[in-house]
Amino acid sequence: MYVRARRVRLAVAALAAVAGVAATAVPAAAGTADSGTPRFLAPDELPPHPTSAWYAGDVTAGQPDPLPICVGDALPSISSHRRYWTEYDTGALQVTVVERDAQRAKEFAALLRKDLADCAKNLMKKYPDITATQKYYGKLNVEEGAHVYGIHTVAEWGASDIGLFSVGRDGRTVTVVQWGQMGTFQHAQVADFKKTTVTAVDKLY
């Protein structure tokens with residue numbers, strides 16, 4: 001696996017998250033349709049890479065490390081996550097949270113959407129050597145809905161990364177999907193990512 005080693009890596013790691021699950025992480029059940037545990041995306045359900053297969057770590061209990069940009073601070077300890085990577089500088093992450101009831105899940109999803117709506121502004125405030133721009137790609141009609149965002153970051157030393165994020169909900173379960181690689185909005189696989197998001201939300205239960 002290729003792990004990028006640049007300054008403020010922890011800030012923009014979610015845009016190129018190619019690291020595997022940490023060795024100290026605690027595996028969680030992968031989940032099945034009738035187990036009561038949300039199911040996660042399979043590698044081949046991610047946006048297709050032109051020259052590489054996708055690979056995946058275990059479904060793991062707890063917050064991902066490093067945390068994804070913008071939504072990371074809101075993720076609770078009850079999160080479960082799974083990392084994905086290709087043979088190149090492209091990676092993905094899915095984080096799922098099961099709340100106590102649908103109302104709490106609705107409020108949590110709204111908080112995540114707010115964090116993403118303010119993502120570029122907050123990134124530049126926190127990291128002055130990063131220039132960030134973003135786009136909102138709309139709402140998807142799946143279960144209680146899913147919203148898709150794009151974040152592009154450029155560092156003073158020249159690094160350019162594009163990331164796609166989505167927040168979706170099914171009942172009391174909320175999931176965040178992130179995809180990232182080097183590039184600009186021109187390289188964002190928006191249509192494929194929307195299909196991945198619909199699949200992710202459909203698979204929650």
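The values are calculated or read from the model by the stated rules, or taken from the named source; none is laboratory data. Computed from a prediction, not measured in an experiment: that's the story for all the values here. Note that we place each Cβ from the backbone using ideal geometry, even for glycine, and neighbour counts take in every protein chain shown. All accessible areas refer to the heavy atoms of the entire protein, side chains included, with ligands and DNA or RNA removed. Shrake-Rupley method; radii C 1.70, N 1.55, O 1.52, S 1.80 Å.
Output the number of residues of region 103-120 satisfying the condition of being open to solvent by less than 50 Å² (accessible area, probe 1.4 Å) and under 15 Å from the mean Cα position of the chain (by Cα). Step through it out loud before you land on a result.
Here is the first cut: in region 103-120, the residues open to solvent by less than 50 Å² (accessible area, probe 1.4 Å) are 105, 108-110, 112, 115-116, 118-120.
When the remaining residues are screened for being under 15 Å from the mean Cα position of the chain (by Cα), the result is 109, 112, 115-116, 119.
Going through region 103-120 one residue at a time, the tally reaches 5.
State all residues of region 163-190 that are surrounded by fewer than 22 Cβ atoms within 10 Å (Cβ to Cβ) and closer than 24 Å to residue 87 by Cα; if no residue qualifies, say none. Scanning region 163-190 gives 182, 183, 184, 185, 186, 187, 189, 190. Against the list (1) at pLDDT below 95; (2) of a type in the set (A, V, I, L, M, F, W, C); (3) buried (at least 20 other Cβ atoms within 10 Å of the Cβ); (4) not in a loop (DSSP other than H, G, I, E, B), the condition residue 18 fails is (4). Do the conditions hold for residue 156, that is, is it more than 19 Å from residue 45 (Cβ to Cβ) and at pLDDT below 95? Here the answer is yes, as residue 156 does meet what is asked. Checking each residue in region 70-102 for being open to solvent by 20 Å² or more (accessible area, probe 1.4 Å) and not in a loop (DSSP other than H, G, I, E, B) picks out 73, 74, 80, 82, 85, 98, 102.
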